[in-house]
1. What number comes out for accessible area per residue over segment A:29-79 if the probe is 1.4 Å? Units Å², please.
2. Am I reading the A/B interface right? What is its buried accessible area, both sides, 1.4 Å probe, to the nearest 100 Å²?
3. Of the accessible area of chain B, with the probe set at 1.4 angstrom, what percent is carbon plus sulfur?
4. Tell me which residues come under 5 Å, amide H to amide H, from residue A:141 once H is placed; ignore anything under 5 positions away on its chain.
5. Over 28 Å between C-alpha atoms is what I'm after, so list which of A:90/A:203; A:135/A:234; A:135/A:274; A:3/A:203 land there.
6. Mind checking the angle between helix B:105-125 and chain B's longest principal axis? C-alpha axes, 0 to 90 degrees, to the nearest 10.
7. Among DSSP beta bridges lying fully in the protein assembly as shown, give the percent that are antiparallel, nearest 5.
8. Could you tell me what percent of the accessible area of segment A:32-183 is made up of carbon and sulfur, with a 1.4 Å probe and every protein chain present?
Amino acid sequence: MRKVYLDNNATTRMREEVLDAMMPFYKDVYGNASSIHQFGRRSRAAVDKARQDVARLIGASSPEEIIFTSGGTESDNFAVKGVAHALRSKGDHIITTSVEHSAVLNTCKALAKDGYKVTYLPVDGYGIVNIDDLKKAVTAKTILISIMYANNETGTVEPVAEIGALAKEKGICFHTDAVQAIGKIAFDVKSLPADLLSISAHKIYGPKGAGAIYVRKGTKIDAIMHGGHHEMNKRAGTENVGGIVGLGKAAELAAKEISGEPRKLMELRDYLYKGITSKIPHTRLNGHPEKRLPNTMNVGFKYLEGESIMLNLDMEGVAVSTGSACTSGTLEPSHVLTAMAIDAADAQGSIRFSLGRDNTKEDMDYVLSVLPPIIQRLREMSPLYEKGK
Amino acid sequence: MEGQYSDKVMEHFRNPRNVGEIADADGIGNVGNPVCGDIMRLYIKVDPKDEIITDAKFKTFGCGAAIATSSMVTELVKGKTIEEALKISNHAVAEALGGLPKIKMHCSVLAEQALVGAINDYLKKHGKPPIAKNFKDEHEA
Ligand SMILES: Cc1ncc(COP(=O)(O)O)c(C=O)c1O
């Protein structure tokens, strides 16, 4: 059976070149990057090179602004808790949105338990925050604004440039979770006024369990991981050299391909979308039609529940997701679609297709051949369907 | 494994039995709501002489477990008397499916509720008092 992987926002297949770059660090090059001897120096050199590659991908002015972490979740935790702790004497108010990844949302919830005040900004029907809402939410006690660059479920891109400019004007630290934007949208922290930016390797064809955070020079942030003097005293723990090298290689390749790859994915995605809407009635696009990641498409199939679609596609070899991989398993419709004020029944029938570099037009044609009969069969089974006929 | 379906669940999900409506049903049970992600409508045909359920069909909006439990409950009730059918618990439905993931147990409750709803609809139509049955709320599981 054909296998079509359309769940690249959950994770990606590691590239051959990335694995090749990593392998020596699991075999011959095993020194601790903090050791002064030649074994250590070889590891250190590889970590330094990776730092440069990540810095280059996002246009950081110095590699020292890149701190390696265990992934997007840790980067988000570090940004939010680290700034909240460092600026506690200045204020106790954090502004975020209702559509963040759980890595930010649950970190904010944890801080709220410790006495911090958190504002969760609403979004419009496309999932975009309103700058005026943000302006109104800012108080003299606001110490951090954390708003994602692009949403993992819908692909909707937030107005991060405007948000950053506002934060800068008000002198408030701005963190953006760019885990989904990296490698899909070209941007540069020289022009994007973000102080902190989260990166994860496994979303850009790198290894799982490796990530980084960009920390603009001068940003006040406390470590959340205490121990040795690693990572400029910002993140203790012996460096995960293999993972860091993998992230570096993935970043290097992403930087090279950023001008062509996203465009290719967008064309394939839009081809798939046209096919779906021409073959299947009663669908809706969740998310902004244009201000959106080039690889992401969240489609609602009316009168249906998402898991039944996902499982049927799985039986045909097609991997997609409902909600986000972390939240499937809960009964409530996705918090992102709910925040977009999408009717609960419609939100239940939403499927995320997220494309990656391995996908081809043949893959799209295959999906277009198996999906319509699945939807038809499930709708015939649905008690909600006849009403809408 | 946590969160994964048994082969039996997948088999019923793939080939659900008794999908559809019964135009002249003797009882219809309607439960659930789209916010929770499942709605079940269960139709039964009852022979009034001996109160045996002769046919059962369903329509379901829901996840894999909701479809599989709907399918299984229609299988279980066919040929049973109303009294026997009322003894079918949600756990019996889940067991017949080789178990359900914990977070999906509420689907089996829904199937039981749909069945009781259909039977009560039948009883009402025949001027008989409805059966009160307590359901375990397994949403918390
Ligand atoms: C927007 C966003 N932030 C954070 C994360 C977490 O990253 P990681 O899986 O590397 O911990 C993800 C991935 O699930 C994500 O999509």
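1. Details: 2250 Å² over 51 residues.
That works out to 44 Å² for each residue.
2. Values: alone 16750 and 7290 Å², together 22090 Å².
About 1900 Å² of accessible surface is lost on pairing.
3. Details: 3280 of 6360 Å².
Its accessible area is 52 percent carbon and sulfur atoms.
4. The list, which skips near neighbours in sequence, is empty: none.
5. Details: A:90/A:203 35 Å; A:135/A:234 31 Å; A:135/A:274 38 Å; A:3/A:203 20 Å.
The pairs that break the limit, which is 28 Å between Cα atoms, are A:90/A:203; A:135/A:234; A:135/A:274.
6. 10
7. Numbers: 38 of 57 bridges.
Taking every DSSP beta bridge with both residues in the protein assembly as shown, the antiparallel ones total about 65 percent.
8. On the way: 3000 of 5800 Å².
Taking all protein chains in place, segment A:32-183 shows 52 percent carbon and sulfur surface.
The values are calculated or read from the model by the stated rules, or taken from the named source; none is laboratory data. In this text, all values refer to a predicted model and were calculated from it rather than measured experimentally. For neighbour counting, all protein chains shown are included, and Cβ atoms are generated from backbone atoms with ideal geometry for every residue, glycine included. Heavy atoms of the whole protein, side chains included, go into the accessibility calculation; ligands, DNA and RNA do not. Shrake-Rupley method; radii C 1.70, N 1.55, O 1.52, S 1.80 Å.
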